[in-house]
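Before any comments, here is the structure.
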Amino acid sequence: MYILMISMHGLIRGNNLELGKDADTGGQTTYVVELTKHLVRNKNVEKVDLLTRLIEDDDVCLDYSEAEEDLGHGARIIRLSCGPKRYLRKELLWPHLNQIVDKCLHYLKQQNRLPNLIHSHYADAGYVGQQLSLLLGIPQIHTGHSLGISKRQRLLASGRKIHTIEKQFNLQHRIAVEEDVIQHASLIITSTRQEIDEQYKQYTNFHQARFSVIPPGINTSKFSPPSRKKITSESQQHVDKYLDDPEKPLILNICRAELRKNISGLIAAYGSNSKLQEMANLLIIAGPRENIRALEDAQKKVMTDLLLDIDLYDLWGKVAVPKSIAQDCIPEIYRLVAKRKGVLINSAFTEPFGLTLIEAAASGLPIAAPDDGGPRDIVGNCRNGVLVNTLNQCEIASTLIYMLEDSSRWRQWAKNGLTGVKRYYSWDSHVKKYIKEIQGVLNRDKKKIRRQYVINANIENVSPNLTRVKAALISDIDNTLLGDKSALIQLENWIAERKGKLAFGVATGRTISSTIDILKRNQLPIPDLMITSVGTEIYYGSNQLRDEGWSTHIKHLWRRDAIAEALAQFPGMKLQPANTQREFKLSYFAKPDAFPSIAELYSYLHTLKLHCNLVYSHDELLDVLPVRASKGHAIRYLAYKWDLPLDKFIVAGDSGNDIEMLAGDTLAIVVGNHSPELEVLKNQARIYFAEKSYAAGILEGIANYHNELQPALN
Ligand code: GLC
Ligand code: MG
């Protein structure tokens, strides 16, 4: 099996993750890297690629600008760039995701092997994964990690205003994407049951989804009890230098500096209870803080409050707050706390999962955590600690005392944690369940394809098999493909004989619905590719899957309304009927002598700082398109995306809107019945002017290109 893992945001590398460096580099990052490494060691898995964003930014390490990082045993991190080179927080990635889709397709096509399965993580990668899944016909599975609806509720509950939330987090878009992914994915993996019952359930498409609970695994050779692995004096020093009496048990809280983690509640609980202070020291690890003043506002507030609260309750000498601890030292910290018979407390208000609880358990450390999804499962499975109402400071304090005061109970919890982790939270058990689930997905998928095959008698419906073709024939419809019935039947046969090797497409000024109409009326099959509305839209196959990447690409500089307004002042230009007008296409009737020349129109729009592509056909049809759109640009985009050389595209046309696809490296055919505006192409290389008209002209052109096509289509 070859699995493509996708995780877009944060800082991802094979080793020594910079967890907590920013809000996007945390549990998910650890999980995807570890999962990748462990999966590839399973005998059923041959290859795993972890796709993420390539970042070139002076403020982050050079590692993240490497296009490829080998993780051994057939696993790699693949980095592809999108949008600006610099680091972007996850909320800002949305407009750039289509670029990753295109680059990834190109990449996969070049390496000549397609994955059997796509596994996406979080909504951003969910989008990328869904697009790839649709374009390639490969099943997608998805892990949400966190969900937009729950996040919005949390933020609203904390008193934030809906429009400021929207501005910062782009939640509306995120939730819409999540709905699509829920509907499309073959399987959704969650860490807990609660994630399904309380979070996914709030989505409209909930009932269309299939779920499996697979809690993340943990690396037990890294996280192990003090009896099995050493603690360096260096890590110990990081903690002990803060403490008057370092030999006392430690109460450990380890989390990101976030309000939700309720560090201040813990300090208040500890600070107000002298018995607890007598019994134990407090150790708080809340991410690195080189310079608190330079942190993001939210983090800055948490860190500042932390120090101020220590001072307020006068806890100097009792609380250790290490400035920064290397990721590699963290396992030793857990061990140190276990050695001193301490406990781990997660004082957060809510905890959907809580990886630290499992790390603690694996280190032989009893845990206390909020009565919420993750902790409920973990404490229920392992019986290695207690659930506590973290909203209540007195309860936090009394729970901690209860946990520390009885040493035989403490030992039982520690032991239970170690065995529970092995049974429920090891990577071995995770990977085993994972493989079983995905084998199920792949089998179901095969069946689904077989079923559709029977119903439609056309397997191409399921996946547009553009990854396998060696050449493409793209023809204009009106006056090129259509016009000579019997030649068209011959052409159809020629195409049908090359199915699998040759993609067939149309490129037309018509809209998608009018394209489907005219093809049906002429009893033509729905082509693999449809470039419609003069190259502003691209669709695939009979399910008419729209290429979203193309829409994003051509949006550039397009100000439709402003252009329409500017052109309204020319009485010689009449808008064509409403059903021909599209998001990226404005079309007019304009006789040559009734409006300024094309050159004058360009310079007029230029003075207004409006950018567009003007396409004039048949001496009366004027299309105004985004600068990046035309039939020709669309073909070049497809050539890149599907990694098919331009000189393997046979293109045929008859009029002005075909010029751009005919000129250049394509194998072009101008049919005999062409309009005068195509005369400009005469005597150019690779443009064949056929004697014959319509489909007969196309066939004549194909024969002319026999030598060029022979190697690809033999
Ligand atoms: C098609 C379209 C029309 C466009 C013309 C030339 O006829 O319907 O809107 O102007 O092609 O591209
Ligand atoms: Mg035409």
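The values are calculated or read from the model by the stated rules, or taken from the named source; none is laboratory data. As the structure is a computational prediction, the values presented were derived from the model and not from experiment. Quick reminder, even Gly has a Cβ in these numbers, built from the backbone with ideal geometry, and neighbours come from all protein chains shown. For the accessible areas, the whole protein counts, side chains as well, though only heavy atoms, and no ligand, DNA or RNA atoms are used. Shrake-Rupley method; radii C 1.70, N 1.55, O 1.52, S 1.80 Å.
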Among Gly20, Asn613, Ala629 - extreme Cα towards positive end, dipole of the chain, charges at beta-carbon:
Gly20
Size of the dipole of the chain about the Cα centre, Lys and Arg at +1 and Asp and Glu at -1 on the beta carbon, nothing else charged, in debye to 20?
2400
Output the 0 to 90 degree angle, nearest 10, between the alpha-carbon long axis of helix 297-312 and the longest principal axis computed from the alpha carbons of the chain.
10
Starting from the Cα of Lys422, draw a straight line to each of the lysines and keep only those under 22 Å, dropping any in the same chain fewer than 8 residues away.
Lys37, Lys43, Lys222, Lys229, Lys230, Lys339, Lys341, Lys432, Lys433, Lys436
If one compares the long axis through the Cα atoms of helix 393-405 with the longest principal axis of the Cα atoms of the chain, the angle in degrees, nearest 10, works out at 60
Report, largest value first, the span of the C-alpha coordinates of the chain along each principal axis, in whole Å.
98, 56, 42
What is the distance in Å between the Cα centres of the stretch 27-92 and the stretch 562-604?
48
The stretch 510-595 - charge dipole about Cα centre, Lys and Arg +1 at Cβ, Asp and Glu -1, debye rounded to 20
180
Antiparallel content of DSSP bridges confined to the chain, in %, to 5
25
Ranked from highest to lowest mean number of other Cβ atoms within 10 Å per residue, what is the order of the peptides 72-80, 486-494, 626-634?
626-634, 72-80, 486-494
Mean separation of Cα pairs under 8 Å and 6+ residues apart, divided by the residue count of the chain: what relative contact order is that in percent?
9
Towards the positive end of the charge dipole of the chain, with charges on Cβ (+1 Lys, Arg; -1 Asp, Glu), say which of Leu132, Val321, Phe584 has the farthest Cα.
Val321
Report the accessible area of Ile495, computed with a 1.4 Å probe over the heavy atoms of all protein chains in place, in Å² rounded to the nearest 10.
20
For the stretch 61-204, accessible area per residue (1.4 Å probe, heavy atoms of protein chains only), Å²:
41
Taking the highest mean first, how do the peptides 48-57, 655-664, 237-246 order by number of other beta carbon atoms within 10 angstrom per residue?
655-664, 48-57, 237-246
How much of the accessible area of the chain, probe 1.4 Å, is carbon plus sulfur, in whole percent?
50
Any idea what the dipole of the stretch 329-428 comes to, in debye rounded to 20, about its Cα centre with Lys/Arg Cβ at +1 and Asp/Glu Cβ at -1?
500
Counting heavy atoms of the protein chains only and a 1.4 Å probe, report the per residue accessible area for the stretch 233-424 as a whole number of Å².
42
Mean separation of Cα pairs under 8 Å and 6+ residues apart, divided by the residue count of the stretch 557-627: what relative contact order is that in percent?
38
Peptide ranges 109-118, 505-514 listed from the most packed, as the mean C-beta count within 10 angstrom indicates
505-514, 109-118
Could you tell me the center-to-center distance, by alpha carbons, between the stretch 327-394 and the stretch 228-266 in angstrom?
13
Residue by residue, what Karplus-based ³J(HN,Hα) values in Hz, rounded to whole numbers, does the stretch 559-564 have, using 6.51, -1.76 and 1.60 with θ = phi - 60° and x for Gly and Pro?
10, 4, 5, 5, 5, 4
So which aspartates and glutamates can Lys574 reach, going by Cα to Cα under 13 Å and dropping same-chain residues fewer than 8 places off?
Glu565, Glu620, Asp623
